[in-house]
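First comes the structure, then the notes that go with it.
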Amino acid sequence: MELKELQRLLGEMSLEEKVGQMVQIPANMLTEGGLITGPTDSIEMTQEKVSLVGALLGKTGAKELRDIQEEFVKNHPHHIPLLLMYDIINGMDTIFPIPLAMGCTFSPELVEKSAEVAAKEATAAGLHVTFSPMLDLVRDARWGRVMESTGEDPWLNSELGKAMVRGYQGSSKAAGEPLDLKKEGNIAGCIKHFAGYGLPEGGREYENVEISERTFREDYLPAYKAAAEEGCAMVMTSFNTLDRIPSTGNKWLMREVLRKEMGFDGVLISDYSAIDEMITHGIAQDSREAAKLAIMAGVDIDMVSNAYVKYLADLVCQGEVEERLIDEAVMRILKLKNDLGLFENPYKDGSEEKEKELFCCKEHRQLARKIAAASFVLLKNEQMLPLKKEATEKVAFIGPYAENVEIHGSWSFPKNPESAITIKAGAEQKKTGMTFVQGCLVLDEDQCDRYGGKQSYGEGAKDLMLAEAVMAAKNADKVVLCLGEHRNQSGEGGSRVNIRLPENQMILLREIQKVNANIVTVVFSARPLELKEVTEISKAVMLVWMPGTEGGNAIADVLFGDSMPQGRLSMSMPRSVGQVPIYYNRFSTGRPNGSGTAVGFIHGYIDESTKPLYPFGYGLSYTEFEYSKVELDKTEMCVNGTLTAKVNVKNIGALPGTETVQLYLQDVKGSVVRPVKMLRGFEKVTLQPGESGEVRFEIKESMLKFYDINMDYVSEPGLFRVFIGQDSDTENMAEFWLKK
Ligand code: NOJ
């Protein structure tokens, strides 16, 4: 449709019909079933109002959605189709690793490809919008939703956020490409949760956020901004407050920062029931006032609350809200429907044949396998890995994840969850004659109910299982212990103060150690766990996160050396939960670590180091890399100038490997305190044994900008340090001056 036709359509709509476009309901209000991702009991809506809504949440399936849409469009007074939305977070049916693991790939290319596949499968299932990318910067492993983010770094999150937008929507606005949502396989993305949701106080789910505007702008906004500039079609508000104002009613945040400063002109949706939640936050008297706050702040769609559907029209009729605001919002929604081509084809690409052809097809599984392998982070390896394929090395796989299909992460809803590849299935492709023993359940029985763990030991089975595991360990040369948290221990509503492995699994580990010290521990988790004891006991430790459909194959690939480990931590691993929030790009203090000689009066803790167990960017390979000193082509940079930094990286080990070379900058003195280091680039190099490669980075003046003492976004002249190395702890450094 032409813009003129959309305007004509808007002009023909009654106020009630327009408000309808601004309402999203859960699928179970229209049909049987559907995924419920929040409270629904408070929703009250007449059938007539239901027939006018603009969007549906939580239903997939080409046939089911076709039936719903057909009926809906037929009965709608203007035959306006529904926008069909769903949480496709790390894959639709072919499940990729959780986003935190995707962060560990440090690979925009792989992340883009995974989003492209997710979009293809999701659109085949009849969907139009996915509630992804989630670009909340995360620093606190207690928060269950760290799994949905790509990690703790603004630069990495921005690069990967842009990649997801390109993958979903098939184009990059920043690169000047036109929006092409109509094209088969493209889906509209939705940046969430705007803004700052990743910093809930104490890591408590749905908790509020306290942060300075400077840190908010410098660390938390960049990834949302980058994805908005890439052309992401939608943005979702967050549940939290900022400066004590809930985002969903925060006019400054939405109208000034998002729309004016970032130039976002797409559709803004509230999070689930977030408009009505302004009542419980205590800034709205009732649903009517909440509706007014949200529309004034610029929220276009109310996701599952009573506010818009009940009160928006009345607010206009009483002269409390200008109808112009409604028209602007509805126009944005109609435009998105038009961009998706829904007026011509309300089903978009929904097709049962396509579902059959694409869901978990060979090509998608291959990609999932490759990406999963690239996301694993090898933390420690004392000559244990890779495992030998020869029968002479006897290997026992022990633990509740040795043969477990629940490896998808909590935001994954494949048609057949059982189709995930277990470690056992993957390992048996590599070698025969190995032992596989469960040892214990993922969770002790008393925890099962709480986390929906379902399993229980039979009479006397617990001791028997342990004894069997110890016996298997005794008879093996190496033990691969497959441990992990339960998928329901993280994700939305999954905050925890104890971020260790379940205690029954720690008992298993300790018992195995008594009979066999050659332990390789493979850890499944959706957050950085407190793994100090695990890394002390084990000779090798590999994090595999929640790896998705092809998890077992990918794990076997890496364990047996058919794929080389190359993941790098996208979040720092704490030594103790008492250290969180812990992140590498913290601000310089007046008393740096180790300074001063007196006992006491030093920065940090008296009972624990300030250093993480493993820093951001860390990860081992099966080989070693040697770096030359950082070289700069000049030692002075002028305004708008650039400078080239380079290193030579050499593979000095016996196996090939892929290294993620990381560039960090430090602004030594600023008008406000600056981070000790900040990531400003990364590059992967694959090198054969003995081979060297040169890696260059262009450093631009724009990379040095920050919010100065006057809150202006500028670079300040002075000394800068350039670090290039294997992780955020690197001390390989050169210096230059920025001159004005
Ligand atoms: C609430 C979550 O915060 C959000 O991330 C999700 O997209 C919506 N529910 C819809 O399921």
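Taking θ = phi - 60°, what integer Hz values does the Karplus form 6.51 cos²θ - 1.76 cosθ + 1.60 yield along the stretch 62-73, in sequence order, with x for Gly and Pro?
Using θ = phi - 60°, the values come out as 3, 5, 4, 6, 5, 4, 4, 4, 4, 5, 5, 4 Hz.
Among the listed pairs K225/K337; K532/K629; K113/K260; K634/K684; K225/K705, which have their C-alpha atoms separated by more than 26 angstrom in this model?
Numbers: K225/K337 23 Å; K532/K629 32 Å; K113/K260 31 Å; K634/K684 24 Å; K225/K705 15 Å.
From the list (K225/K337; K532/K629; K113/K260; K634/K684; K225/K705), the Cα-Cα distance tops 26 Å for K532/K629; K113/K260.
Counting only residues 5 or more places away or on other chains, whose amide H sits under 5 Å from the amide H of M236 once H atoms are built in the peptide plane?
Those lying under 5 Å, H to H, from M236 are I191, K192, F194, I269.
Once you place label points 7 Å from the Cα toward the Cβ at V497 and Q285, how far apart are they in nm?
3.9 nm
In the stretch 370-569, what percent of the accessible surface is made up of carbon and sulfur (1.4 Å probe, ligands and nucleic acids excluded)? Don't jump to the answer; show the numbers that get you there.
Working: 3340 of 7370 Å².
C and S atoms contribute 45 percent here.
With +1 on each Lys and Arg Cβ and -1 on each Asp and Glu Cβ, and nothing else charged, work out how big the dipole of the chain is about its Cα centre, in Debye to the nearest 20.
Values: 83 positive and 108 negative charges, 360 e Å.
Dipole of the chain, to the nearest 20 debye: 1720 debye.
By how many nm would the segment from K514 to N732 grow when fully extended, if each residue of separation counts as 0.36 nm and the alpha-carbon distance is taken off?
Working it through step by step, the gained length comes to 74.4 nm.
Going by Cα centres, the stretch 145-191 and the stretch 553-618 are how many Å apart?
Here the answer is 29 Å between Cα centres.
Return the FRET efficiency for the residue pair K611, T686: r is the Cβ-Cβ distance, R0 is 22 Å, and the value is rounded to the nearest 0.05.
0.15
Order M573, M1, most accessible first, counting only protein heavy atoms with a 1.4 angstrom probe.
M1, M573
Given a 1.4 Å probe and heavy atoms of the protein chains only, how would you sort Y584, Y206, largest accessible area at the top? Display every interim value, and only then the final one.
Numbers: Y584 20, Y206 110 Å².
Output order, biggest surface exposure first: Y206, Y584.
For the pairs K162/K430; K74/K310; K59/K356; K59/K354, flag any whose C-alpha to C-alpha distance is greater than 26 Å.
In this structure, K162/K430 lie more than 26 Å apart at Cα.
Per residue of the chain, what 222 nm ellipticity follows from adding -39500 (n - 2.57) for every DSSP H run with n ≥ 4, rounded to the nearest 500?
Numbers: 20 runs with 193 residues, N = 740.
Computed mean residue ellipticity for the chain: -7500 deg cm²/dmol.
Give me the distance between the Cα centres of the stretch 292-326 and the stretch 381-454, rounded to whole Å.
Measuring centre to centre over Cα atoms gives 51 Å.
Please label the shape of the stretch 625-739 as rounded, prolate or oblate, based on the square roots a ≥ b ≥ c of the eigenvalues of the alpha-carbon gyration tensor (a/c under 1.5 means rounded; beyond that, a/b larger than b/c means prolate, else oblate).
Details: a/c = 2.83, a/b = 2.26, b/c = 1.25.
It is prolate, given that a/c is not under 1.5 and a/b is the larger ratio.
Determine the shape class of the stretch 370-569: with a ≥ b ≥ c the square roots of the Cα gyration tensor eigenvalues, call it rounded for a/c under 1.5, and otherwise prolate if a/b is greater than b/c, oblate otherwise.
Numbers: a/c = 1.41, a/b = 1.13, b/c = 1.25.
Verdict is rounded for the stretch 370-569.
Before I look further, what does the stretch 171-273 give for accessible area per residue, probe 1.4 Å, in whole square angstrom?
Details: 3650 Å² over 103 residues.
Each residue of the stretch 171-273 exposes 35 Å² on average to a 1.4 Å probe.
What list of ³J(HN,Hα) values in whole Hz, one per residue of the stretch 544-553 in order, does the Karplus curve 6.51 cos²θ - 1.76 cosθ + 1.60 (θ = phi - 60°) give from phi, with Gly and Pro shown as x?
10, 6, 10, x, x, 3, 9, x, x, 5
State, to one decimal in nm, how far the label point of K183 lies from the label point of M45, with both points 7 Å from Cα in the Cβ direction.
Label at K183, label at M45, 3.3 nm between them.
Convex hull over the Cα atoms of the chain, averaged projected area in nm²? Working shown, then result.
On the way: hull surface 133.4 nm².
Result: a mean projected hull area of 33.3 nm².
Relative contact order of the chain: what whole-number percent is it, with Cα pairs under 8 angstrom and at least 6 residues apart? Present the calculation step by step, with values, prior to reporting the outcome.
Numbers: 1818 pairs, mean separation 97.1, N = 740.
Computed value for the chain: 13 percent relative contact order.
Considering only Cα-Cα distances, which of the following residue pairs are longer than 28 Å: K646/K740; K173/K646; K370/K431; K370/K650?
Working: K646/K740 24 Å; K173/K646 31 Å; K370/K431 20 Å; K370/K650 24 Å.
Table pairs above 28 Å Cα-Cα are K173/K646.
Tell me, what is the per residue accessible area of the stretch 555-624 in Å², probe radius 1.4 Å? Can you show the working numbers first?
Numbers: 3190 Å² over 70 residues.
Heavy-atom accessible area per residue stands at 46 Å².
So if I place +1 on the C-beta of Lys and Arg and -1 on the C-beta of Asp and Glu, and nothing else carries charge, what would the dipole magnitude of the stretch 370-569 be about its Cα centre? I want it in debye, nearest 20. Please report the intermediate quantities before stating the final value.
Numbers: 23 positive and 25 negative charges, 115 e Å.
That gives the stretch 370-569 a dipole magnitude of about 560 debye.
Give me the one-decimal nm value for the distance between modelled label points at E210 and K356, 7 Å along each residue's Cα-to-Cβ direction.
5.9 nm
Please give the Cα centre distance for the stretch 629-694 versus the stretch 84-138, rounded to the nearest Å.
About 29 Å separates the Cα centre of the stretch 629-694 from the one of the stretch 84-138.
Can you tell me, using C-alpha contacts under 8 Å and at least 6 residues apart, the relative contact order of the stretch 34-182 as a whole percent? It would help to have the intermediate numbers written out before the result.
Values: 213 pairs, mean separation 32.6, N = 149.
Contact order relative to length: 22 percent.
To make sure I understand the rule: partners must be aspartates and glutamates, Cα under 17 Å from the Cα of K389, and not fewer than 8 residues away in the same chain. Which ones qualify?
E428, D477, D557, D562
Among the GluC sites (Glu not before Pro) within the stretch 564-632, which fall in a DSSP loop and have no more than 14 other Cβ atoms within 10 Å of their own Cβ?
Working: sites: E608, E624, E626, E631; in loops: E608, E624.
When the GluC sites (Glu not before Pro) of the stretch 564-632 are filtered for loop state and at most 14 Cβ neighbours within 10 Å, E608 remain.
Taking all protein chains in place and a 1.4 Å probe, what share, in percent, of the accessible surface of the stretch 625-739 do carbon and sulfur account for? Please report the intermediate quantities before stating the final value.
Numbers: 2420 of 5140 Å².
Ligands and nucleic acids excluded, carbon and sulfur give 47 percent.
Express the accessible area of the stretch 1-101 per residue in Å², computed with a 1.4 Å probe while the remaining protein chains stay in the model.
Working: 4090 Å² over 101 residues.
With all protein chains present, the stretch 1-101 gives 40 Å² per residue.
The values are calculated or read from the model by the stated rules, or taken from the named source; none is laboratory data. Values in this document were obtained by computation on a predicted structure and should not be read as measured data. Because the Cβ atoms are built from the backbone with ideal geometry, glycine has one as well, and the counts that use them run over all protein chains shown. What goes into the accessible areas is simple: the full protein's heavy atoms, side chains included, and nothing from ligands, DNA or RNA. Shrake-Rupley method; radii C 1.70, N 1.55, O 1.52, S 1.80 Å.
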